[in-house]
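Report on the following structure.
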Amino acid sequence: RTGMRAVVQRVKSASVTVDNAVVSSIGPGLVVLVGIGGDDTEEDAEYVAGKCLRARLFPGDPPEGVGGAKNWDGAKPWDRSVMDIDGEVLFVSQFTLHGYFKGNRPDFHRAMDPERAKAFYRDFLAIARERVYAGKGTRIKDGIFGAKMDVALVNDGPVTLLMDSRDRK
């Protein structure tokens, strides 16, 4: 059984375009593709929002002393979260993260049905804006649920991680 899924990417910039119009864009931060499963709960949403926003995926300031693993510039490589750097987050709903192959065709029946998923995704964004990144909710952007979106990004690193809300190691 899988939970809510996310593909988390550290980016220098990103945007979402729908019908040839940019509907959302960010500077340095994270792009998070979000897949909502058929039996996902508010607990799953809180876990994914919290983990994405608190994950230490950004380097710290170059240290003054010696010790510890460092980047080429002397900074600790995994020291700060997107909130610590006052970064932005672009969440993009992507039901295909719950797809699998049935023969040669993809099957998406494990994803939440679109009507319920739209409300769940709206609630997920509210959790991220109001409970986790409180006071900085405007730093969280999103695409248009259910639209055909062109997602453009400049990956930083690259750093890309996969997450499943029910796989909490």
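A compact table of results
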read-out: Accessible surface, the stretch 91-130, averaged per residue in Å² (probe 1.4 Å); value: 66
read-out: Dipole moment magnitude, nearest 20 debye, the stretch 88-169 about Cα centre, only Lys, Arg, Asp, Glu C-beta charged; value: 200
read-out: Gain in span if fully extended, ASP123 to LYS148, counting 0.36 nm per residue against the direct Cα distance; value: 6.9 nm
read-out: Inter-site label distance for ARG131 and TRP78 at 7 Å from Cα along Cβ, in nm; value: 2.6
read-out: Cα-only radius of gyration and Dmax that characterise the chain, units Å; value: 16.7, 57
read-out: Pairs beyond 25 Å (Cα-Cα), from LYS118/LYS169; LYS51/LYS102; LYS141/LYS169; LYS118/LYS148; LYS51/LYS76; LYS12/LYS136; value: LYS118/LYS169; LYS51/LYS102; LYS141/LYS169
read-out: Per-residue HN-Hα couplings for the stretch 91-108 [Karplus 6.51, -1.76, 1.60; θ = phi - 60°; Hz; x = Gly/Pro]; value: 8, 10, 5, 8, 4, 5, 5, 9, x, 8, 8, 10, x, 9, 9, x, 10, 10
read-out: Zone of LEU162's modelled label, taken as backbone nitrogen in the stretch 72-112 under 17 Å from a point 7 Å along Cα→Cβ; value: 94-102, 106-108, 110-111
read-out: Long-range amide H partners of MET4 with built H, under 5 Å; value: GLY37, SER165, ARG166
read-out: Mean residue ellipticity (222 nm) of the chain, computed from DSSP H runs ≥ 4 via -39,500 (n - 2.57), nearest 500; value: -5000 deg cm²/dmol
read-out: Added length on full extension, which subtracts the Cα-Cα distance from 0.36 nm per residue, LYS169 to GLU43; value: 43.7 nm
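The values are calculated or read from the model by the stated rules, or taken from the named source; none is laboratory data. Computed from a predicted model, the values in this text were never measured in an experiment. Every residue, glycine among them, receives a Cβ derived from its backbone with ideal geometry; neighbour counts consider all protein chains shown. Accessible surface areas use protein heavy atoms only, side chains included; no ligands, DNA or RNA. Shrake-Rupley method; radii C 1.70, N 1.55, O 1.52, S 1.80 Å.
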